[in-house]
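Here's the structure, in structure tokens; my notes come after.
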Amino acid sequence: MESALESLRQQSLARIASAKTLDDLETIRVETVGRKSGALNSFSKDFGKMGTEERAAAGKLLNAAKQAIESALDERKARFEAAAMNARLESEWVDLTIPAPGVRPGSLHPVTIIQKEIEDLFQSMGFTVLSGPEVETEYNNFDALNIPPDHPARDMQDTFWLEGGNLLRTHTSPVQVRGMQRLGPPLRMIAPGRVFRNEEVDPSHEHTFYQLEGMMVDREVSVANLIYYMKALLAGIFRRDVTVRLRPGYFPFVEPGFELDVQCLLCGGSGCPVCKQSGWLELLPCGLVHPNVLRMGGIDPDQWMGFAFGLGLTRLAMMRYQIDDIRLLQGGDLRFLTQF
Ligand code: PHE
């Protein structure tokens, strides 16, 4: 028995040494030290025929062989597992020191750029920046601005009506009403925002565009004050002194009402294609606040007066950046938008 056991042991150790995979090892284990069909088992079958001493000696040999084979299996298995782990570590490593590619930086919309500049400018002159809702009441958009239901001026601003009598505001002027109610006199406010009109869309007309409303109410407010602030506004935007003129303009919520023109920035007034040879560019409507509007805003027109203006932010952005198609501004095309 001794020599048979020794040769099984040698044979098994040799097989273990040349095993290539964990599966190979498992097969060897089952065939040698496996409980049911392992080769070592066949040796213990003869134990019954042996005497006590002989059996003890044979048992010792058998155990020694079993331990030798099992520890060889374990050692080899541990090596295979370590090799597998190393292979995984090698194939899956990540260099955490490589800088991340990062988020692509965004850019401001041209209208937003101008809006922020004007907000800064007016805030520096003591104006509060307000915002009103895009869905307005008919009253705030029209009636409180001295445009009663049957007034022809309503036709100038056709809009989108919603259920329940509300509408998409056609201008930022309803924020005048909200501002008067909220702040009370004296007040200085501006209100940039999105407005809507039922327009046929073409290169110079959009159903959605941006305005910036301005209003000042105080004890004594004159056209001279209005001109002062408008010149400050335009000098800020165009970064140089500008020459302005007022022409009469009609808006039911101002009296007197004006169109403010700026002397053409390209030709300086001598006439060119941009100003259509007139020397002037029409820039913004404005005027002194109509007493009815003050009254409807809860302000006594015998005690207070004011001016108001409405700047077309979209139009201004188009002038500043020489954009010739208004539809580009809302088109969402990044090739266009990232240029500013
Ligand atoms: N709300 C007017 C418009 O959109 C512009 C305006 C504002 C005119 C303030 C005068 C004073 O047409």
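The values are calculated or read from the model by the stated rules, or taken from the named source; none is laboratory data. Since we're looking at a predicted model, the values are computed, not measured. Heads up, the Cβs are rebuilt from the backbone with ideal geometry, glycines too, and the neighbour counts pull from every protein chain shown. Note: areas computed on protein heavy atoms with side chains; ligands, DNA, RNA excluded. Shrake-Rupley method; radii C 1.70, N 1.55, O 1.52, S 1.80 Å.
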Most fluctuating of TRP93, TRP304, TRP161 in the GNM of the chain (C-alpha, under 10 Å) is TRP93
Burial order of peptide ranges 238-247, 272-281 (average beta-carbon count within 10 Å, highest first): 272-281, 238-247
Using a 1.4 angstrom probe on heavy atoms only, work out the carbon and sulfur share of the accessible area of the chain in %. 52 percent
Long-range amide H contacts for THR128: which residues qualify at under 5 Å (H placed 1.01 Å from N, peptide plane, sequence gap of 5 or more or a different chain)? ARG188, MET189, ILE190
Given the Cα atoms of the chain, and with Rh set as the inverse mean 1/r over their pairs in the Kirkwood sense, what is Rg to Rh to two decimals? 1.64
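With a 1.4 Å probe and every protein chain left in place, work out the accessible area per residue of the chain in Å², rounded to a whole number. Before the final figure, lay out the partial values.
Working: 19270 Å² over 340 residues.
It amounts to 57 Å² per residue over the chain.
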Quick check for me: using +1 on Lys/Arg Cβ and -1 on Asp/Glu Cβ, what's the dipole size of region 110-337 about its Cα centre, in debye to the nearest 20? 740 debye
Return the unpartnered cysteines for the chain, using a Cβ-Cβ cut-off of under 4.7 Å. CYS286
3J(HN,Hα) from dihedral phi, region 289-303, Karplus parametrisation 6.51/-1.76/1.60, rounded to Hz, x for glycine, proline: 4, 5, x, 4, 5, 4, 4, 6, x, x, 10, 6, x, 7, 9
Using just the C-alpha positions of region 71-218 as equal point scatterers, what log10 of I(q)/I(0) does the Debye formula give at each q in 0.13, 0.21 1/Å? -0.74, -1.31
Taking just the alpha carbons, could you work out the radius of gyration and Dmax for region 290-340, both in angstroms? 19.0, 54
Cα coordinate range in region 2-91, projected on the principal axes (Å, largest first): 59, 19, 18
